Amino acid sequence: MRASTDQAAVGSGLTPPSTLVKIIGVLFSLALTFLGLTAITFVISRVMPVDPVLAIVGDRASNEVYQQVYLQLGLDKPVYVQYLKYLGQLAQGDLGSSIMTTRPVIEDIKRFFPATLELATVATLLGIFVGVPMGVFAAVHQGRWPDHIVRVVALLGYSAPIFWLGLVALLVFYAKLGWVAGPGRLDVYYDGIIDPVTGILLIDAALVRDWEIFRNALSHLVLPASILGTFALAYIARMTRSFMLDQLSQEYILTARVKGIPESRVIWGHAFRNVLVQLITIIGLTYASLLEGSVLTETVFSWPGIGQYITNSLFNNDMNAVLGGTIVVGVCFVGINMLSDLLYRLVDPRIR
């Protein structure tokens, strides 16, 4: 009876009740996650031993000026009242103004976040296209020298400090060999030549077909993306190997081999297909962690991304910028998890 009701609802163009409940549940979960994120971040910013008033007026301001700014910021009110006021500003797209840059925080994020997005995306793609085949190759040759090599490489990539790898890479490939460009996103004399459309230099340069700037931006991107991608490919390779070993020991793999199915089809068409759902989770978490955790890489390579922006804001007691950057990164993390859930349904028919 319920199945026929759902079919009738679909046939009439209406959303089945069960699907509507799921959508409402997802939206409610997202709302709670966002409220929790903003609440925790806001409370931490208020209990930190930092005086936002002094960050604005300076330590030489008079007591009258201090009190005036103190009241303007609403710091005389309870924390929950300040938080509700902040939520009202967020609902209007207002993240406040940055003390460090004197610009609205939302404008700073539009300026700095695309750099992190570009870096994390290239690093994640490197991790996928190198780490996944490495993991599959190691699982297929378990216990032999290819497996040992992949495991050692993955262990070094996962455990070596990123800042150390970055400094060594700059010394060898930039200072000594001169194969790639140095810190920053562009050489100084290219800065400001093309108008930012997406904020991602490779895309913006390709849109206006300025291949000289494209090559220069790519040369600057190679080292930081490779260093950050080393961590990504190490983690993805280790997890891919583990998932594949589990699948290759299953009975259906033995049955497929007994039937004479080609080994490449057994590996990629049977075993690898069954680890895709798990890999989607791993890749999504890796991408999200690179978006929020590339501070050291951005610092070493002077990459003007959101991680370096939040760090500099924290050192300068610029709490509006810290709050805004943290919220944006948190929203991206939640969004990537949602995208992973959608991909599950495309890859695995059983979930649909």
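Listing for the model above:
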read-out: Qualifying residue in the range 246-256 (condition: closer than 26 Å to Ile149 by Cβ, among the hydrophobic types (A, V, I, L, M, F, W, C) and in contact with a helix residue (DSSP H, G or I) (Cβ under 7 Å, 6 or more places away or on another chain)); value: yes
read-out: The one condition in (1) surrounded by fewer than 19 Cβ atoms within 10 Å (Cβ to Cβ); (2) at pLDDT 85 or above; (3) not aliphatic (A, V, I, L, M) that Phe315 fails to fulfil; value: (2)
read-out: Boolean, Asp246 is modelled with pLDDT of 85 or more, over 13 Å from the mean Cα position of the chain (by Cα) and acidic (Asp, Glu); value: yes
read-out: Candidates Leu291, Leu285, Leu276, Leu342 - the one that is closer than 30 Å to Gln92 by Cβ, in the same structural domain as Val168 (by TED's automatic domain parsing), of a type outside the set (Lys, Arg) and surrounded by fewer than 19 Cβ atoms within 10 Å (Cβ to Cβ); value: Leu342
read-out: Residue in the range 101-109 that is surrounded by fewer than 18 Cβ atoms within 10 Å (Cβ to Cβ), within 30 Å of Leu323 (Cβ to Cβ), charged (D, E, K, R) and touching a residue at least 60 places away in the same chain (Cβ under 8 Å) present; value: no
read-out: Matching option when the condition is exposed (fewer than 15 other Cβ atoms within 10 Å of the Cβ), hydrophobic (A, V, I, L, M, F, W, C) and in contact with an Asp or Glu (Cβ under 7 Å, 6 or more places away or on another chain), among Val152, Val172, Val197; value: Val197
read-out: Enumeration of residues in the range 294-312 that are surrounded by 20 or more Cβ atoms within 10 Å (Cβ to Cβ) and farther than 17 Å from Phe231 by Cβ; value: Ile306, Gln308, Tyr309, Ile310
read-out: Verdict on Tyr70 being of a type in the set (Phe, Trp, Tyr), under 23 Å from Ile310 (Cβ atoms) and not assigned by TED's automatic domain parsing to the domain that holds Thr230; value: no
read-out: Cross-chain or 6+ apart pairs with Cβ under 8 Å, the range 318-335 first and surrounded by 20 or more Cβ atoms within 10 Å (Cβ to Cβ), then charged (D, E, K, R) and assigned to a helix (DSSP H, G or I); value: Ala321/Asp108; Gly324/Asp108; Val329/Glu292
read-out: Pairs where the first residue, in the range 19-41, is at pLDDT 80 or above and the second is among the aromatic types (Phe, Trp, Tyr) and assigned to a helix (DSSP H, G or I), C-beta under 8 Å, 6+ apart; value: Thr38/Tyr83; Thr38/Tyr86; Ala39/Tyr83
read-out: Which numbered condition Leu285 misses (of (1) within 15 Å of the chain's Cα centre (by Cα); (2) within 17 Å of Pro133 (Cβ to Cβ); (3) of a type outside the set (Lys, Arg)); value: (2)
read-out: 1 or more residues aromatic (Phe, Trp, Tyr) and touching a residue at least 60 places away in the same chain (Cβ under 8 Å): qualifying helices (runs of 4 or more DSSP H) within the range 127-245; value: 145-159, 162-169
read-out: Qualifying residue in the range 42-50 (condition: exposed (fewer than 12 other Cβ atoms within 10 Å of the Cβ), in contact with a helix residue (DSSP H, G or I) (Cβ under 8 Å, 6 or more places away or on another chain) and of a type in the set (D, E, K, R)); value: no
read-out: Filter result for Pro262 (touching a Gly at 6+ places or on another chain (Cβ under 8 Å) and either buried (at least 20 other Cβ atoms within 10 Å of the Cβ) or closer than 21 Å to Met134 by Cα (or both)); value: no
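The values are calculated or read from the model by the stated rules, or taken from the named source; none is laboratory data. Keep in mind the model is a prediction, meaning the values are calculated, not measured. Glycine also receives a Cβ, built like all others from the backbone with ideal geometry; neighbour counts cover every protein chain displayed.
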